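Q: To start, I am sharing the structure in question, which I have written as C-alpha coordinates.
The values are calculated or read from the model by the stated rules, or taken from the named source; none is laboratory data. Computed from a predicted model, the values in this text were never measured in an experiment. Counting neighbours? That spans all protein chains shown, and the Cβs are built from the backbone with ideal geometry, glycine included.
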Amino acid sequence: MGDEAQQTDRRVEAFSPEAIRAQFPALDQAVHGKPLVYLDNAATTQKPRMVIDTVREFYERDNANIHRGVHTLSARASERFEGARERIARSLNADSEREIVFVRGVTEAINLLAHSLSADWSAGDEVIVSELEHHANIVPWLMLKERKGIEIKVIPANDQGELEVDALPDLISDRTRLVAVNHVSNALGTVNPVARISEIARERGVPLLVDGAQGLPHGPVDVQALGCDFYACSSHKVFGPSGVGALYARGDWFERLPPFLGGGDMIEEVRFDGIRFAPPPSKFEAGTPNIEGAIGFAAALEWADGLDWLAIERHEQALLERMTDGLSTIEGLSIVGQARHKVPVVSFLVEGAHPHDIGTLLDSMGIAVRTGHHCAMPLMQRFGALTGTARASAAFYNTFDDIDRFVDATKRVRDMLV
(Lines give C-alpha, C1' and ligand atoms only; values in the text may rest on other atoms or scores of the structure.)
Protein backbone atom coordinates (compact mmCIF):
# COMPACT_ATOMS: atom_id res chain seq x y z
CA MET A 1 0.00 0.00 0.00
CA GLY A 2 1.41 3.38 -1.03
CA ASP A 3 1.66 6.48 1.14
CA GLU A 4 -1.29 8.14 -0.59
CA ALA A 5 -3.54 5.13 0.03
CA GLN A 6 -2.43 4.98 3.68
CA GLN A 7 -3.26 8.68 4.10
CA THR A 8 -6.68 8.12 2.52
CA ASP A 9 -7.42 5.21 4.86
CA ARG A 10 -6.40 7.29 7.87
CA ARG A 11 -8.78 10.07 6.79
CA VAL A 12 -11.65 7.62 6.41
CA GLU A 13 -10.90 6.02 9.79
CA ALA A 14 -10.72 9.47 11.36
CA PHE A 15 -14.11 10.49 9.93
CA SER A 16 -16.66 10.66 12.72
CA PRO A 17 -20.35 11.07 11.92
CA GLU A 18 -20.91 11.45 15.66
CA ALA A 19 -18.60 14.48 15.77
CA ILE A 20 -20.38 16.05 12.80
CA ARG A 21 -23.77 15.18 14.28
CA ALA A 22 -22.86 17.12 17.43
CA GLN A 23 -22.78 20.30 15.32
CA PHE A 24 -26.51 19.94 14.47
CA PRO A 25 -28.67 21.02 17.44
CA ALA A 26 -31.94 19.67 16.01
CA LEU A 27 -30.58 16.12 15.98
CA ASP A 28 -30.11 16.16 19.76
CA GLN A 29 -33.73 15.68 20.78
CA ALA A 30 -36.31 13.03 21.56
CA VAL A 31 -39.50 12.40 19.60
CA HIS A 32 -42.29 10.52 21.37
CA GLY A 33 -39.78 9.70 24.09
CA LYS A 34 -37.27 8.16 21.68
CA PRO A 35 -33.97 9.64 20.43
CA LEU A 36 -34.58 11.18 17.01
CA VAL A 37 -33.46 9.26 13.95
CA TYR A 38 -33.77 11.76 11.11
CA LEU A 39 -34.00 10.02 7.72
CA ASP A 40 -35.87 12.68 5.73
CA ASN A 41 -32.83 14.49 4.38
CA ALA A 42 -33.99 14.42 0.75
CA ALA A 43 -36.89 16.63 1.84
CA THR A 44 -34.72 19.01 3.84
CA THR A 45 -31.49 18.79 5.80
CA GLN A 46 -30.79 19.93 9.33
CA LYS A 47 -28.61 22.99 9.94
CA PRO A 48 -25.20 23.15 11.64
CA ARG A 49 -24.59 25.59 14.46
CA MET A 50 -22.35 27.68 12.18
CA VAL A 51 -25.26 28.42 9.83
CA ILE A 52 -27.68 29.16 12.68
CA ASP A 53 -25.16 31.51 14.28
CA THR A 54 -24.44 33.24 10.97
CA VAL A 55 -28.11 34.05 10.34
CA ARG A 56 -28.66 35.17 13.93
CA GLU A 57 -25.56 37.36 13.84
CA PHE A 58 -26.77 39.03 10.63
CA TYR A 59 -30.06 39.91 12.27
CA GLU A 60 -28.35 41.16 15.43
CA ARG A 61 -25.74 43.30 13.68
CA ASP A 62 -26.17 43.94 9.94
CA ASN A 63 -29.90 43.74 9.22
CA ALA A 64 -30.71 46.28 6.48
CA ASN A 65 -31.83 46.32 2.88
CA ILE A 66 -29.15 45.99 0.24
CA HIS A 67 -27.97 48.05 -2.73
CA ARG A 68 -30.13 51.04 -1.86
CA GLY A 69 -28.70 52.64 1.21
CA VAL A 70 -25.66 54.79 1.92
CA HIS A 71 -25.69 54.05 5.65
CA THR A 72 -23.30 51.64 7.29
CA LEU A 73 -25.70 48.77 7.95
CA SER A 74 -26.86 48.74 4.33
CA ALA A 75 -23.29 48.75 3.12
CA ARG A 76 -22.40 45.84 5.39
CA ALA A 77 -25.48 43.87 4.36
CA SER A 78 -24.76 44.51 0.68
CA GLU A 79 -21.16 43.40 1.06
CA ARG A 80 -22.18 40.19 2.79
CA PHE A 81 -24.90 39.46 0.23
CA GLU A 82 -22.55 39.89 -2.72
CA GLY A 83 -19.90 37.96 -0.84
CA ALA A 84 -22.38 35.10 -0.60
CA ARG A 85 -22.76 35.19 -4.37
CA GLU A 86 -18.99 34.94 -4.76
CA ARG A 87 -18.82 31.99 -2.34
CA ILE A 88 -21.52 30.10 -4.25
CA ALA A 89 -19.75 30.79 -7.54
CA ARG A 90 -16.51 29.37 -6.09
CA SER A 91 -18.27 26.34 -4.65
CA LEU A 92 -19.80 25.51 -8.05
CA ASN A 93 -16.58 26.42 -9.92
CA ALA A 94 -18.39 29.02 -12.01
CA ASP A 95 -16.23 31.37 -14.07
CA SER A 96 -17.72 34.45 -12.43
CA GLU A 97 -20.16 35.48 -9.73
CA ARG A 98 -22.12 37.15 -12.57
CA GLU A 99 -23.14 33.62 -13.59
CA ILE A 100 -25.05 33.22 -10.29
CA VAL A 101 -28.59 34.49 -9.72
CA PHE A 102 -30.32 34.13 -6.36
CA VAL A 103 -33.75 32.50 -6.47
CA ARG A 104 -36.12 31.03 -3.89
CA GLY A 105 -34.97 27.53 -4.81
CA VAL A 106 -34.80 25.05 -7.66
CA THR A 107 -38.52 25.37 -8.40
CA GLU A 108 -38.24 29.12 -9.01
CA ALA A 109 -35.01 28.63 -10.97
CA ILE A 110 -36.69 26.24 -13.42
CA ASN A 111 -39.75 28.47 -13.70
CA LEU A 112 -37.42 31.39 -14.45
CA LEU A 113 -35.82 29.45 -17.28
CA ALA A 114 -39.16 28.19 -18.59
CA HIS A 115 -40.32 31.79 -18.85
CA SER A 116 -37.16 33.36 -20.20
CA LEU A 117 -35.91 30.63 -22.55
CA SER A 118 -39.33 30.22 -24.15
CA ALA A 119 -39.71 33.89 -25.11
CA ASP A 120 -39.06 33.02 -28.77
CA TRP A 121 -40.30 29.41 -28.76
CA SER A 122 -43.30 28.33 -30.77
CA ALA A 123 -45.70 25.39 -31.02
CA GLY A 124 -43.84 22.18 -31.84
CA ASP A 125 -40.60 23.16 -30.09
CA GLU A 126 -39.41 20.46 -27.71
CA VAL A 127 -38.10 20.01 -24.18
CA ILE A 128 -36.60 16.68 -23.17
CA VAL A 129 -36.89 15.62 -19.52
CA SER A 130 -36.41 12.24 -17.85
CA GLU A 131 -38.70 9.76 -16.17
CA LEU A 132 -36.89 10.41 -12.88
CA GLU A 133 -37.86 14.08 -12.57
CA HIS A 134 -39.33 15.95 -9.62
CA HIS A 135 -42.48 17.91 -10.44
CA ALA A 136 -40.37 21.08 -10.35
CA ASN A 137 -38.81 19.93 -13.62
CA ILE A 138 -42.07 18.70 -15.15
CA VAL A 139 -44.88 21.12 -14.29
CA PRO A 140 -43.28 24.33 -15.75
CA TRP A 141 -42.84 22.54 -19.10
CA LEU A 142 -46.41 21.20 -18.98
CA MET A 143 -47.61 24.74 -18.39
CA LEU A 144 -45.65 25.81 -21.47
CA LYS A 145 -47.22 22.94 -23.38
CA GLU A 146 -50.66 24.31 -22.51
CA ARG A 147 -49.71 27.91 -23.18
CA LYS A 148 -47.50 27.59 -26.26
CA GLY A 149 -48.03 24.09 -27.59
CA ILE A 150 -44.48 22.85 -27.00
CA GLU A 151 -43.82 19.11 -26.99
CA ILE A 152 -42.31 17.17 -24.10
CA LYS A 153 -40.17 14.08 -24.69
CA VAL A 154 -39.04 11.72 -21.95
CA ILE A 155 -35.80 9.78 -21.41
CA PRO A 156 -37.03 6.42 -20.04
CA ALA A 157 -35.77 4.70 -16.90
CA ASN A 158 -35.12 0.97 -16.62
CA ASP A 159 -36.39 -1.34 -13.87
CA GLN A 160 -33.38 -0.49 -11.67
CA GLY A 161 -34.27 3.20 -11.79
CA GLU A 162 -31.42 4.14 -14.12
CA LEU A 163 -31.83 6.41 -17.13
CA GLU A 164 -31.53 4.80 -20.54
CA VAL A 165 -29.20 7.53 -21.77
CA ASP A 166 -28.57 5.73 -25.06
CA ALA A 167 -32.12 6.70 -26.02
CA LEU A 168 -31.32 10.43 -25.80
CA PRO A 169 -29.70 10.95 -29.24
CA ASP A 170 -32.79 9.65 -31.00
CA LEU A 171 -35.03 11.92 -28.92
CA ILE A 172 -33.18 15.08 -29.96
CA SER A 173 -34.43 16.74 -33.13
CA ASP A 174 -33.96 20.09 -34.83
CA ARG A 175 -36.91 21.36 -32.75
CA THR A 176 -35.33 20.46 -29.39
CA ARG A 177 -34.71 23.61 -27.38
CA LEU A 178 -33.58 22.16 -24.03
CA VAL A 179 -32.63 18.97 -22.24
CA ALA A 180 -33.53 19.15 -18.52
CA VAL A 181 -32.62 16.38 -16.04
CA ASN A 182 -31.95 16.03 -12.36
CA HIS A 183 -28.49 15.32 -11.01
CA VAL A 184 -29.84 12.86 -8.44
CA SER A 185 -33.34 11.42 -8.18
CA ASN A 186 -35.06 12.62 -5.02
CA ALA A 187 -37.34 9.57 -5.01
CA LEU A 188 -34.85 6.78 -5.74
CA GLY A 189 -31.40 8.25 -5.07
CA THR A 190 -30.15 7.43 -8.58
CA VAL A 191 -27.12 9.49 -9.61
CA ASN A 192 -27.53 10.36 -13.27
CA PRO A 193 -24.60 10.46 -15.74
CA VAL A 194 -24.87 14.20 -16.22
CA ALA A 195 -21.49 14.61 -17.93
CA ARG A 196 -22.49 12.02 -20.56
CA ILE A 197 -25.89 13.66 -21.04
CA SER A 198 -24.14 17.00 -21.41
CA GLU A 199 -21.80 15.58 -24.04
CA ILE A 200 -24.73 14.27 -26.11
CA ALA A 201 -26.65 17.54 -25.83
CA ARG A 202 -23.59 19.63 -26.67
CA GLU A 203 -22.89 17.55 -29.79
CA ARG A 204 -26.39 18.43 -30.98
CA GLY A 205 -26.15 22.10 -29.99
CA VAL A 206 -28.84 21.81 -27.31
CA PRO A 207 -28.43 23.47 -23.88
CA LEU A 208 -28.63 21.36 -20.73
CA LEU A 209 -30.35 22.28 -17.47
CA VAL A 210 -29.48 20.25 -14.37
CA ASP A 211 -31.76 20.20 -11.33
CA GLY A 212 -29.10 19.95 -8.65
CA ALA A 213 -31.35 19.96 -5.59
CA GLN A 214 -30.24 16.46 -4.59
CA GLY A 215 -26.74 16.60 -6.09
CA LEU A 216 -25.02 19.31 -4.07
CA PRO A 217 -25.81 17.77 -0.63
CA HIS A 218 -23.75 14.68 -1.47
CA GLY A 219 -20.50 16.23 -2.63
CA PRO A 220 -18.82 19.13 -4.41
CA VAL A 221 -20.26 20.12 -7.80
CA ASP A 222 -18.09 21.41 -10.65
CA VAL A 223 -20.37 22.90 -13.29
CA GLN A 224 -17.52 23.18 -15.77
CA ALA A 225 -16.64 19.51 -15.43
CA LEU A 226 -20.31 18.58 -15.80
CA GLY A 227 -20.52 20.71 -18.93
CA CYS A 228 -24.05 21.92 -18.23
CA ASP A 229 -25.43 25.28 -19.31
CA PHE A 230 -27.64 25.72 -16.25
CA TYR A 231 -27.41 24.29 -12.73
CA ALA A 232 -30.06 24.97 -10.07
CA CYS A 233 -29.65 24.30 -6.36
CA SER A 234 -31.58 24.90 -3.13
CA SER A 235 -30.00 26.01 0.13
CA HIS A 236 -32.23 23.97 2.43
CA LYS A 237 -31.13 20.73 0.77
CA VAL A 238 -27.50 21.48 1.59
CA PHE A 239 -27.67 22.40 5.30
CA GLY A 240 -28.64 26.05 4.74
CA PRO A 241 -31.80 28.13 5.27
CA SER A 242 -35.06 27.56 3.41
CA GLY A 243 -36.49 29.89 0.79
CA VAL A 244 -33.28 30.61 -1.09
CA GLY A 245 -31.24 28.95 -3.82
CA ALA A 246 -29.06 29.72 -6.79
CA LEU A 247 -29.23 29.37 -10.55
CA TYR A 248 -25.98 29.10 -12.47
CA ALA A 249 -25.99 30.01 -16.16
CA ARG A 250 -22.89 29.51 -18.27
CA GLY A 251 -21.21 32.44 -20.01
CA ASP A 252 -23.55 35.06 -21.46
CA TRP A 253 -26.85 33.23 -21.02
CA PHE A 254 -28.11 35.78 -18.48
CA GLU A 255 -27.13 38.58 -20.86
CA ARG A 256 -29.21 37.05 -23.64
CA LEU A 257 -32.33 36.07 -21.69
CA PRO A 258 -35.20 38.44 -20.83
CA PRO A 259 -35.98 38.91 -17.12
CA PHE A 260 -38.49 36.79 -15.26
CA LEU A 261 -39.97 39.29 -12.78
CA GLY A 262 -40.25 43.06 -12.88
CA GLY A 263 -39.82 45.52 -10.04
CA GLY A 264 -37.17 47.20 -7.96
CA ASP A 265 -33.43 46.58 -8.17
CA MET A 266 -33.54 44.94 -11.63
CA ILE A 267 -33.69 48.21 -13.57
CA GLU A 268 -31.33 50.94 -14.71
CA GLU A 269 -34.07 53.39 -15.69
CA VAL A 270 -37.85 53.42 -15.65
CA ARG A 271 -40.00 55.89 -17.59
CA PHE A 272 -43.67 55.67 -18.45
CA ASP A 273 -42.68 55.23 -22.07
CA GLY A 274 -39.97 52.61 -21.56
CA ILE A 275 -37.57 50.66 -19.35
CA ARG A 276 -33.88 49.81 -19.34
CA PHE A 277 -32.91 46.73 -17.38
CA ALA A 278 -29.88 46.43 -15.13
CA PRO A 279 -27.15 44.01 -16.23
CA PRO A 280 -27.22 40.49 -14.80
CA PRO A 281 -27.39 39.17 -12.22
CA SER A 282 -29.47 42.13 -10.99
CA LYS A 283 -31.76 41.79 -14.03
CA PHE A 284 -33.15 38.58 -12.55
CA GLU A 285 -33.40 39.66 -8.90
CA ALA A 286 -36.47 41.89 -8.63
CA GLY A 287 -37.46 43.08 -5.19
CA THR A 288 -35.86 42.61 -1.81
CA PRO A 289 -34.19 39.21 -1.78
CA ASN A 290 -33.83 36.72 1.04
CA ILE A 291 -30.68 38.46 2.24
CA GLU A 292 -30.15 36.48 5.42
CA GLY A 293 -30.96 33.27 3.53
CA ALA A 294 -28.30 33.94 0.92
CA ILE A 295 -25.73 34.67 3.63
CA GLY A 296 -26.73 31.49 5.48
CA PHE A 297 -26.53 29.51 2.23
CA ALA A 298 -22.98 30.71 1.69
CA ALA A 299 -22.10 29.83 5.28
CA ALA A 300 -23.44 26.31 4.73
CA LEU A 301 -21.32 25.87 1.62
CA GLU A 302 -18.25 27.26 3.37
CA TRP A 303 -18.83 24.79 6.21
CA ALA A 304 -19.35 21.90 3.77
CA ASP A 305 -16.30 22.84 1.68
CA GLY A 306 -14.15 22.10 4.72
CA LEU A 307 -15.33 18.50 5.04
CA ASP A 308 -13.50 15.37 3.89
CA TRP A 309 -15.79 14.41 1.04
CA LEU A 310 -13.87 11.26 0.16
CA ALA A 311 -14.54 9.92 3.64
CA ILE A 312 -18.13 11.14 3.49
CA GLU A 313 -18.78 9.37 0.21
CA ARG A 314 -17.51 6.11 1.69
CA HIS A 315 -19.59 6.60 4.82
CA GLU A 316 -22.75 7.37 2.84
CA GLN A 317 -22.24 4.31 0.65
CA ALA A 318 -21.79 2.21 3.78
CA LEU A 319 -25.04 3.64 5.16
CA LEU A 320 -26.79 2.79 1.89
CA GLU A 321 -25.46 -0.76 1.91
CA ARG A 322 -26.46 -1.33 5.53
CA MET A 323 -29.93 0.10 4.92
CA THR A 324 -30.47 -1.92 1.73
CA ASP A 325 -29.21 -5.16 3.26
CA GLY A 326 -31.30 -4.69 6.39
CA LEU A 327 -34.54 -3.89 4.60
CA SER A 328 -34.00 -6.77 2.19
CA THR A 329 -34.37 -9.22 5.09
CA ILE A 330 -37.94 -8.08 5.82
CA GLU A 331 -40.58 -10.38 4.37
CA GLY A 332 -43.02 -8.63 2.06
CA LEU A 333 -40.84 -5.51 1.70
CA SER A 334 -39.69 -4.46 -1.77
CA ILE A 335 -37.20 -1.73 -2.61
CA VAL A 336 -38.16 0.49 -5.54
CA GLY A 337 -35.16 1.22 -7.76
CA GLN A 338 -31.72 -0.21 -7.06
CA ALA A 339 -29.43 1.70 -9.40
CA ARG A 340 -25.75 0.84 -9.47
CA HIS A 341 -24.80 4.42 -8.64
CA LYS A 342 -26.95 6.10 -6.01
CA VAL A 343 -26.85 8.13 -2.82
CA PRO A 344 -28.26 6.77 0.48
CA VAL A 345 -31.93 7.07 -0.45
CA VAL A 346 -34.18 4.01 -0.30
CA SER A 347 -37.82 3.99 -1.39
CA PHE A 348 -39.74 0.92 -0.37
CA LEU A 349 -43.14 -0.73 -0.16
CA VAL A 350 -44.51 -3.27 2.29
CA GLU A 351 -47.09 -5.59 0.82
CA GLY A 352 -50.49 -4.95 2.39
CA ALA A 353 -49.41 -1.73 4.15
CA HIS A 354 -50.07 1.87 3.11
CA PRO A 355 -46.91 4.04 3.05
CA HIS A 356 -48.56 6.69 5.24
CA ASP A 357 -49.27 4.10 7.93
CA ILE A 358 -45.64 3.00 7.79
CA GLY A 359 -44.46 6.58 8.22
CA THR A 360 -46.86 7.29 11.09
CA LEU A 361 -45.83 4.21 13.04
CA LEU A 362 -42.13 4.88 12.46
CA ASP A 363 -42.63 8.41 13.78
CA SER A 364 -44.12 6.98 16.97
CA MET A 365 -40.77 5.22 17.40
CA GLY A 366 -38.79 8.45 16.91
CA ILE A 367 -37.88 7.79 13.27
CA ALA A 368 -38.56 10.41 10.59
CA VAL A 369 -39.06 9.21 7.01
CA ARG A 370 -41.05 10.60 4.08
CA THR A 371 -44.12 8.95 2.56
CA GLY A 372 -46.16 9.67 -0.56
CA HIS A 373 -45.35 10.29 -4.20
CA HIS A 374 -42.34 12.54 -3.39
CA CYS A 375 -43.44 15.09 -6.04
CA ALA A 376 -42.55 12.48 -8.66
CA MET A 377 -45.93 11.03 -9.66
CA PRO A 378 -44.89 9.93 -13.18
CA LEU A 379 -41.99 7.98 -11.65
CA MET A 380 -44.28 6.38 -9.06
CA GLN A 381 -46.62 5.34 -11.88
CA ARG A 382 -43.66 3.90 -13.80
CA PHE A 383 -43.02 1.52 -10.90
CA GLY A 384 -46.67 0.82 -10.14
CA ALA A 385 -46.51 2.51 -6.72
CA LEU A 386 -49.65 4.54 -7.32
CA THR A 387 -50.03 5.59 -3.68
CA GLY A 388 -46.33 6.37 -3.40
CA THR A 389 -43.63 4.81 -1.26
CA ALA A 390 -41.98 5.16 2.11
CA ARG A 391 -38.57 6.79 1.67
CA ALA A 392 -35.60 6.82 4.00
CA SER A 393 -32.89 9.30 3.02
CA ALA A 394 -29.67 9.51 4.99
CA ALA A 395 -27.02 12.21 5.28
CA PHE A 396 -23.44 12.02 6.49
CA TYR A 397 -24.48 12.88 10.04
CA ASN A 398 -26.48 9.65 10.23
CA THR A 399 -24.83 6.75 12.02
CA PHE A 400 -24.96 2.97 11.70
CA ASP A 401 -27.00 2.96 14.91
CA ASP A 402 -29.57 5.19 13.16
CA ILE A 403 -29.84 2.69 10.31
CA ASP A 404 -30.08 -0.31 12.64
CA ARG A 405 -32.85 1.36 14.67
CA PHE A 406 -34.70 2.20 11.46
CA VAL A 407 -34.46 -1.35 10.10
CA ASP A 408 -35.54 -2.90 13.40
CA ALA A 409 -38.46 -0.46 13.66
CA THR A 410 -39.53 -1.21 10.10
CA LYS A 411 -39.61 -4.92 10.94
CA ARG A 412 -41.89 -4.18 13.87
CA VAL A 413 -44.10 -1.94 11.72
CA ARG A 414 -44.40 -4.67 9.14
CA ASP A 415 -45.54 -7.12 11.82
CA MET A 416 -48.08 -4.60 13.11
CA LEU A 417 -49.61 -3.81 9.72
CA VAL A 418 -49.59 -7.14 7.92
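Q: Is at least one residue of the stretch 78-90 in a helix (DSSP H, G or I), within 27 Å of Leu319 (Cβ to Cβ) and touching a helix residue (DSSP H, G or I) at 6+ places or on another chain (Cβ under 6 Å)?
A: No, the stretch 78-90 has no match at all.
Q: Being closer than 17 Å to Ala409 by Cβ, among the hydroxyl-bearing types (Ser, Thr, Tyr) and more than 17 Å from the chain's Cα centre (by Cα) is the filter here, so list the residues in the stretch 348-396 that pass it.
A: Residues satisfying the conditions are Thr360, Ser364, Thr371, Thr389.
Q: Here is a further query. Could you list, in sequence order, all residues of the stretch 224-254 that are farther than 21 Å from Lys283 by Cβ and hydroxyl-bearing (Ser, Thr, Tyr)?
A: Ser234, Ser235, Ser242
Q: Check every one of the strands (runs of 3 or more DSSP E) wholly within the stretch 345-418 and list those with 3 or more residues that are touching a Lys or Arg at 6+ places or on another chain (Cβ under 9 Å), among the hydrophobic types (A, V, I, L, M, F, W, C) and at pLDDT 95 or above.
A: 345-350
Q: Next up: Going through Glu316, Glu285 one at a time, which residue ends up being under 14 Å from Phe396 (Cβ atoms) and acidic (Asp, Glu)?
A: Glu316
Q: Surrounded by 16 or more Cβ atoms within 10 Å (Cβ to Cβ), more than 20 Å from the chain's Cα centre (by Cα), without any contact (Cβ under 8 Å) to a residue 40 or more places away in the chain and under 11 Å from Ile295 (Cα atoms): which single residue out of Ser78, Ser74 fits that description? Walk me through it before giving the result.
A: Working: Ser74 fails: under 11 Å from Ile295 (Cα atoms).
On inspection, the qualifying residue turns out to be Ser78.
Q: Mind checking which strands (runs of 3 or more DSSP E) fall wholly inside the stretch 175-269 and carry at least 3 residues that are free of Cβ contacts under 8 Å to residues at least 12 places away in the same chain, in contact with a helix residue (DSSP H, G or I) (Cβ under 8 Å, 6 or more places away or on another chain) and surrounded by fewer than 21 Cβ atoms within 10 Å (Cβ to Cβ)? Walk me through how you get there before you give the answer.
A: Numbers: elements: 176-182, 208-211, 230-234, 245-249.
It comes to none.
Q: For the stretch 288-319, enumerate the residues that are not aliphatic (A, V, I, L, M) and not in a helix (DSSP H, G or I).
A: Scanning the stretch 288-319 gives Thr288, Pro289, Asn290, Gly306, Asp308.
Q: Still on this structure, please answer the following. Can you tell me which residue within the stretch 35-81, out of those that are in contact with a strand residue (DSSP E or B) (Cβ under 8 Å, 6 or more places away or on another chain) and of a type in the set (Gly, Ala, Ser), is farthest from Phe400 (Cα to Cα)?
A: So the first thing to find is which residues in the stretch 35-81 are in contact with a strand residue (DSSP E or B) (Cβ under 8 Å, 6 or more places away or on another chain), and the list is 36-43, 46.
Narrowing further to those that are of a type in the set (Gly, Ala, Ser): 42-43.
Values: Ala42: 18, Ala43: 21 Å.
Of everything passing the filter in the stretch 35-81, Ala43 is farthest from Phe400 (Cα to Cα).
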